[in-house]
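To start, the structure under review is shown below, and the notes come after it.
The values are calculated or read from the model by the stated rules, or taken from the named source; none is laboratory data. Since this is a predicted model, take the numbers as computed values, not measurements. Don't worry about glycine lacking a Cβ; one is built from the backbone with ideal geometry, like all the others, and counts go over all protein chains shown.
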Amino acid sequence: MALVEQQRISSEQWLGAVRRARDDGFGYFDWLGCVDEIGRSATFRIVLVLRDLDRPEAPPMVLTTEVARDDPRLDSVGSVFAGAGWHEREAAELFGVEFVGGNPRRLLLSPDFSGTPLRKDEVLAARAATGWPGAKEPGEGDAPVSRPGAPAPSRRRMVPPGVPDPAVWGERDPALPPADPAEVAESAVGGRIRRNRR
Amino acid sequence: MAGVRWLDWYDDGSLLVVDVGLACCALEFEAAAVALPTSAPTLARGGRVVVVVSGTVTDRLAPAVSAIVDAAAQLGVVPTVVSFGACASSGGPYWDSYSVTKGIDQLLDVDVFVPGCPPPPAALQDVLDGLAKPKAA
Amino acid sequence: MTGEPQRRTPGHGSIVLIESACTSCMICARECPSWCITIDSHTEPVADLPAGARARTENVLDRFAIDWSLCMYCGICVDECPFDALAWSPDLASPAETLAALTAEKADLAPDQ
């Protein structure tokens, strides 16, 4: 027996598919979430999990759809499951997805918060601004790098997870075009800074 | 003060304590408080008022934490503020979050910072035992 | 607060440094999820080399600090140190009246060395 029943739905058919699933017996709304697929595709994946409480042994029904990252709009399923409202509001404020016909109010973030924190290209500002103690090389202190015996300035620095390569974000060469979200997200995994690939 | 669970720590009105229990550190506070007598708390003359902040403070919740300290001051003495645990002291492991206040000293005058993640209940007991004369109102 | 006998736990109270084992490799500072470890070091030529050996340098630890206000006592630094230079101590870090006083330096973390 499968662990889940998964259906991929196009965004245009989303509301109808959710209504059909409820009418088929999956009447318990479990949760709705959002995944930033940057790096695989320029989309957000919306995931909805339903259960049939009359058949508890049946696998959960998982419905997924994708919306374009540069125009993330999807029908709200609040008319089918009122309980989806909070989940949609959370996904909306943290990822920037618009649930058409849903409640537009923020749920957790304060009204004056700006940004979409759970997008993978959204830089963790505190980490980017705070000096990472691990950036130093063994044998390096607070003294300027050009001291004799210090590591050569050309040695690639380490960056911590969550902070993009400064060449991509932060200290980017102004002559280059702005970094695309995939580039920012990919460079924030930490480790030795990669050499230029261009 | 309505709605606030004051604890008469030594059962003599000399130390009234309230916990702003926000996260895991609140469990350690509760463990320290478990054997307390349950008589109605009254602040004795010369008694001290302590507000303990236990757990992660988000920017969204920060005004409520400040409001509790302001309300505590209405008891007539300047409250002693204890930052209990890493999150209350600096944001702890969540210091880099988009939503976390990086330590309650961003909001309040803090009298004692207790390190730990979480500190054990005995650490709170030691701090409360060590508080000496009350601050002037 | 400081100067009073430190409370002890049965096991993981705080973290101590065995300075003689530390090579300033930076691994603990890099692995720490809270970024609470600060290390400064410099290089010096190795003395007392056998005749004919090529000159080598070694790292000398200048500063090793743990900010107890950030530390979440996960023990990753203890586990990751390749030289076993960090260890658990049953003594708790003491409370303090200022945040600055919660940063422990080498002298506090390796007191008997």
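When segment A:81-104 is filtered for residues that are among the charged types (D, E, K, R) and within 14 Å of chain B (Cβ to nearest Cβ), the ones remaining, listed by number, are A:90, A:93.
Contact list please: Cβ distance under 7 Å, first residue in segment A:66-84 and not assigned by TED's automatic domain parsing to the domain that holds residue A:51, second residue surrounded by 14 or more Cβ atoms within 10 Å (Cβ to Cβ), pairs at least six apart or on different chains. Cβ pairs passing all conditions: none. Taking each residue of segment A:1-21 that is outside any helix (DSSP H, G or I) and looking for partners that are exposed (fewer than 11 other Cβ atoms within 10 Å of the Cβ) and of a type outside the set (Ser, Thr, Tyr) with beta-carbon atoms closer than 9 Å, six or more apart or interchain, yields A:1/A:57. Taking the conditions exactly as written (part of a loop (DSSP other than H, G, I, E, B) and in contact with a helix residue (DSSP H, G or I) (Cβ under 6 Å, 6 or more places away or on another chain)), does residue A:25 satisfy them or not? So residue A:25 does not fit the description; no. Evaluating residue B:108 against the criteria (1) within 14 Å of chain C (Cβ to nearest Cβ); (2) part of a loop (DSSP other than H, G, I, E, B); (3) surrounded by fewer than 16 Cβ atoms within 10 Å (Cβ to Cβ) leaves one unmet condition, (3).
Tell me which residues, restricted to segment B:109-122, are at pLDDT 95 or above and among the aliphatic types (A, V, I, L, M). Residues satisfying the conditions are B:110, B:112, B:114. Applying the criterion of at least 2 residues that are acidic (Asp, Glu) to the strands (runs of 3 or more DSSP E) found wholly in chain C leaves C:37-45, C:57-67. In the condition set (1) away from chain C (no Cβ under 11 Å); (2) under 30 Å from residue A:116 (Cβ atoms), residue B:117 is compliant with all but (1).
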